[in-house]
There are 2 protein chains.
Amino acid sequence: MPVNIPKTDLKRIVIVGAGFGGLKLARELLYSNYQIVLIDKNNYHQFQPLFYQVATAGLEPSAISFPLRKVFQKKSNFYIRVAEVYSVDNDQKILHTSLGTVWYDYLVIATGVNSNFFGNTSIESNAVPMKSVSEAMMLRNRLLQNFEKAVTIADPEQVRPVLNVVVVGGGPTGVEVSGAIAEMKKFVLPKDYPELDFSQMEITLIEASDRLLASMSKQSSAKAIRYLKKLGVKVVTNNLVTAYDGETVWLGDGTQIKSKTLIWAAGIKGDYPNGFSPEITGRGNRLKVDAYNRVESYPDVFAIGDVALMATEKYPNGHPQVAQVAIQQGKNLALNFVAMNQGIRLIPFKYIDRGSMATIGRNRAVVDLPFWSFGGLTAWMIWMFIHLMAIVGVKNRLLIFINWLWNYITYDQSLRLILKVSGGKADKKEPVSV
Amino acid sequence: MPVNIPKTDLKRIVIVGAGFGGLKLARELLYSNYQIVLIDKNNYHQFQPLFYQVATAGLEPSAISFPLRKVFQKKSNFYIRVAEVYSVDNDQKILHTSLGTVWYDYLVIATGVNSNFFGNTSIESNAVPMKSVSEAMMLRNRLLQNFEKAVTIADPEQVRPVLNVVVVGGGPTGVEVSGAIAEMKKFVLPKDYPELDFSQMEITLIEASDRLLASMSKQSSAKAIRYLKKLGVKVVTNNLVTAYDGETVWLGDGTQIKSKTLIWAAGIKGDYPNGFSPEITGRGNRLKVDAYNRVESYPDVFAIGDVALMATEKYPNGHPQVAQVAIQQGKNLALNFVAMNQGIRLIPFKYIDRGSMATIGRNRAVVDLPFWSFGGLTAWMIWMFIHLMAIVGVKNRLLIFINWLWNYITYDQSLRLILKVSGGKADKKEPVSV
């Protein structure tokens, strides 16, 4: 059955996904001569760079999530539908969703990526991913429950695996979450759990390549390792996790680590609705697009952000999967939609790399600007400023700032609630049951 | 198997429940000559008076929940265990919990109350209760999902029951939640959902007796009705809900109301572990206690707060089930434990009524002091001040204040996220799976 959306004389653009790319595109298309339908399975935009702070009890989910309807309050020709999109029928130009069918004139896939376990089911069923606010909350609950469990165990030998944490993947997420957990271990946990001996707790970060933050400069990689080691994180490079049964982590070189918690930040893959022919899928399960973000052989379908694979001279394997690319593509595509409407020439996408950064605990970060790379306190302050400014909503910005200031002064992440909310599973595959 | 808690020379007091009573008692017993074990099924204390603001997207769960381990950081002879207590074996002086057995010298039942559906299974299985932070979050998700559903329905006749809300119970919770929903309807929802006609949305408050806020003065009751009507709430008194199938609410006089949401704030009953003989249970399923909060015929077991029934001359049917009684009983019992240890005379409990209050939307509240009762803006400001001061934790106080200020200035509750966190059910009967 068709979803109830008024039909008007305007052409309809359906945007699937309200991440950095989809949200930017939708905002830029306000007051354009199109009817816009924005579909997301959540009723909020998620600020992915700070998931790790939600997972480590530093921020509330609501601080980094922003209700979509608030962004687009009182807008005309604009429709939000909270639904899971199952498949695309490009011949009929229809989407099949959990709410029913939605027809489109133009379709934009901005669905991003999901965790990639590379077919390893033992890891997939036992590891904790961190690709959504819900998953970050699950990780928080898991960590806190582990400590609650540890106090009930009398045998120290049995306590250790419950305290241990293994993080897989040395990208920004893996580096930032290991740093944050190491800080909790240092400043918060011994006060909360005087019964436990946290010198027994090991935090291990495992990276398959020879350095952390592979997308950043060599100096930043080296600094990241140094900062993490100072915080007591064990960093293992050139090694893979081959299996995990919920108790033991097996590494490629035969090493075993006993740990009840394995955080998976090692791989991502493009995540889009069914219905596209396999030939247009490239590296990392991304949809191949041309310089205008048009999906190969689907003239009315576009893809932007992490899910899009645009091979250029500088980036033959596609752009880095970061927020900046998604935002810039969203903006460029909006211009092109207006151009299409006016029958003028489209503008090919050109990525302007503004640099990248990662933070490692209190007072320390690494920043790579196009021609300059640095670390330490200045980097950390820049990291904070940039992230604060990028947050949607003045109130969220204010609340995050107060939280950060508070946590900084008190050495305390105070949101240590094991909160469970039923009424649906956080599971990716589960549609929001509206 | 016994739960891992060190055995010392000190006598052990086990407190079950970290609500207002249990928390106060535990705090007052710090540095006493006892070993204290505090058991709660959550790892946090919940501030019940503001549940309705969580349900109506005005506050975050974390703002009104406080991690227990943070309250008791670095305390000695103090043990927190996150567990569900199933039953009490008073002959052997042990508790059976989801973690194993816990022995006690003295036991304090501070488990409060739960929703009472008076055996009406049709209501119980379809209504939304509001007796915990998790339930408040479920209600918030439910309300928001209803609006998301409403926009997908084309037929206005079918939209109305999805928008409608029926609140049962004219006590402070029922009055406050109806007022807050009426404010959302007035200020927030039309902006978020320009597609919907909110003049069609009806909020009905149903009370079985002849007035709202029956525990307060007649003036306050009358003011509450006036304030609610001004906000557009339909107030029905002298009427009962007899059945609810998830679609239709049947009232005692035969009236039917079509509504997808029924909020149950109409009845409570004492909620305590199994193992007590039925004779010691009184009105409202509360445990009969003497003037020292000792449970009848169980010399080593005490009960405080909502779950305790202490018949006095002034309160022959027991004290009102409010936070003040629980807090004062917790404090008195702490003094008596110290007295027992020193072999001196125990102090009988005497309730000092400091008054009661309820708020009804923006700028309006009713306050009953022992010799004075008033309403309006002054009452509302006093309500806010008292509640802010009662909140545990300076940071929570600060964040709530900022939220209130923000919401007041912008006419906007901005936490409208449908957030689901799996890893356990919020269901009361489900133990926290540590």
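Any idea which of A:A291, A:A266 is of a type in the set (A, V, I, L, M), more than 30 Å from A:V159 (Cβ to Cβ) and in a loop (DSSP other than H, G, I, E, B)? Don't jump to the end; show me each part of the working.
Values: A:A266 fails: more than 30 Å from A:V159 (Cβ to Cβ).
It is A:A291.
What single numbered condition from (1) touching a Lys or Arg at 6+ places or on another chain (Cβ under 8 Å); (2) surrounded by 14 or more Cβ atoms within 10 Å (Cβ to Cβ) fails to hold for B:N341? B:N341 satisfies all of (1) touching a Lys or Arg at 6+ places or on another chain (Cβ under 8 Å); (2) surrounded by 14 or more Cβ atoms within 10 Å (Cβ to Cβ) except (2). Looking for something within 14 Å of another protein chain (Cβ to nearest Cβ), modelled with pLDDT under 95 and closer than 25 Å to B:V366 by Cβ - is there at least one such residue anywhere in the stretch B:120-129? Yes, that holds for at least one residue. If the condition is being in contact (Cβ under 8 Å) with a residue 24 or more places away in the chain and in contact with a strand residue (DSSP E or B) (Cβ under 9 Å, 6 or more places away or on another chain), then the stretch B:150-162 contributes B:V151, B:R160, B:P161, B:V162.
On the stretch given as the stretch A:35-73, residues that are away from every other protein chain (no Cβ under 11 Å) and assigned to a loop (DSSP other than H, G, I, E, B) total 3.
Scanning the stretch B:347-374 for residues that are over 22 Å from the mean Cα position of the chain (by Cα) and within 14 Å of B:A222 (Cβ to Cβ) yields B:S373, B:F374. Counting only strands (runs of 3 or more DSSP E) wholly contained in the stretch B:353-395, the ones carrying 1 or more residues that are touching a residue at least 60 places away in the same chain (Cβ under 8 Å), within 28 Å of B:P67 (Cβ to Cβ) and more than 14 Å from every other protein chain (Cβ to nearest Cβ) occupy B:356-359.
When the residues of the stretch B:74-96 are filtered to those that are under 23 Å from the mean Cα position of the chain (by Cα) and buried (at least 16 other Cβ atoms within 10 Å of the Cβ), the one that is nearest to the other protein chains (Cβ to nearest Cβ) is B:V82. Only residues that are under 23 Å from B:I391 (Cα atoms), at pLDDT 95 or above and either outside any helix (DSSP H, G or I) or of a type in the set (V, I, T) (or both): list them for the stretch B:4-34, please. Matches in the stretch B:4-34: B:I15, B:V16, B:G17, B:A18, B:G19, B:L29. Which of the residues that make up the stretch B:74-93 are under 15 Å from B:N42 (Cα atoms) and either part of a loop (DSSP other than H, G, I, E, B) or among the hydrophobic types (A, V, I, L, M, F, W, C) (or both)? If the condition is that a residue be under 15 Å from B:N42 (Cα atoms) and either part of a loop (DSSP other than H, G, I, E, B) or among the hydrophobic types (A, V, I, L, M, F, W, C) (or both), then B:I80, B:V82, B:A83, B:E84, B:V85 are the ones that fit.
Looking for whichever is closer than 18 Å to B:Y227 by Cβ and crowded, with 16+ Cβ neighbours inside 10 Å here; the options are B:G330, B:G318, B:G375. Which one fits? Steps first, answer last, please.
On the way: B:G330 fails: closer than 18 Å to B:Y227 by Cβ; B:G318 fails: closer than 18 Å to B:Y227 by Cβ.
Just a single option satisfies the conditions, and that option is B:G375.
Condition check for A:S87 on (1) closer than 16 Å to A:G174 by Cα; (2) touching a His at 6+ places or on another chain (Cβ under 6 Å): one failure, at (1). Within the stretch B:49-73, being within 13 Å of the chain's Cα centre (by Cα) and more than 18 Å from B:I181 (Cα to Cα) holds for B:I64, B:S65. Please tell me if B:I5 is touching a Phe, Trp or Tyr at 6+ places or on another chain (Cβ under 6 Å), within 14 Å of chain A (Cβ to nearest Cβ) and within 21 Å of B:P273 (Cβ to Cβ). It is true that B:I5 is touching a Phe, Trp or Tyr at 6+ places or on another chain (Cβ under 6 Å), within 14 Å of chain A (Cβ to nearest Cβ) and within 21 Å of B:P273 (Cβ to Cβ). Residues in the stretch B:15-63 that are in contact with a His (Cβ under 9 Å, 6 or more places away or on another chain), more than 17 Å from B:I5 (Cβ to Cβ) and among the aliphatic types (A, V, I, L, M): B:L23, B:L50.
Please report, ordered by residue number, the helices (runs of 4 or more DSSP H) entirely within the stretch A:103-199 with at least 2 residues that are within 16 Å of the chain's Cα centre (by Cα).
Passing ranges, in order: A:133-150, A:172-183.
Just to be sure, is A:I109 under 26 Å from B:E195 (Cα atoms), touching a helix residue (DSSP H, G or I) at 6+ places or on another chain (Cβ under 7 Å) and more than 14 Å from chain B (Cβ to nearest Cβ)? Don't jump to the end; show me each part of the working.
On the way: under 26 Å from B:E195 (Cα atoms): yes; touching a helix residue (DSSP H, G or I) at 6+ places or on another chain (Cβ under 7 Å): yes; more than 14 Å from chain B (Cβ to nearest Cβ): yes.
When the stated conditions are applied, A:I109 passes them.
The values are calculated or read from the model by the stated rules, or taken from the named source; none is laboratory data. Please read all numbers here as calculations on a predicted model, not as lab measurements. Because the Cβ atoms are built from the backbone with ideal geometry, glycine has one as well, and the counts that use them run over all protein chains shown.
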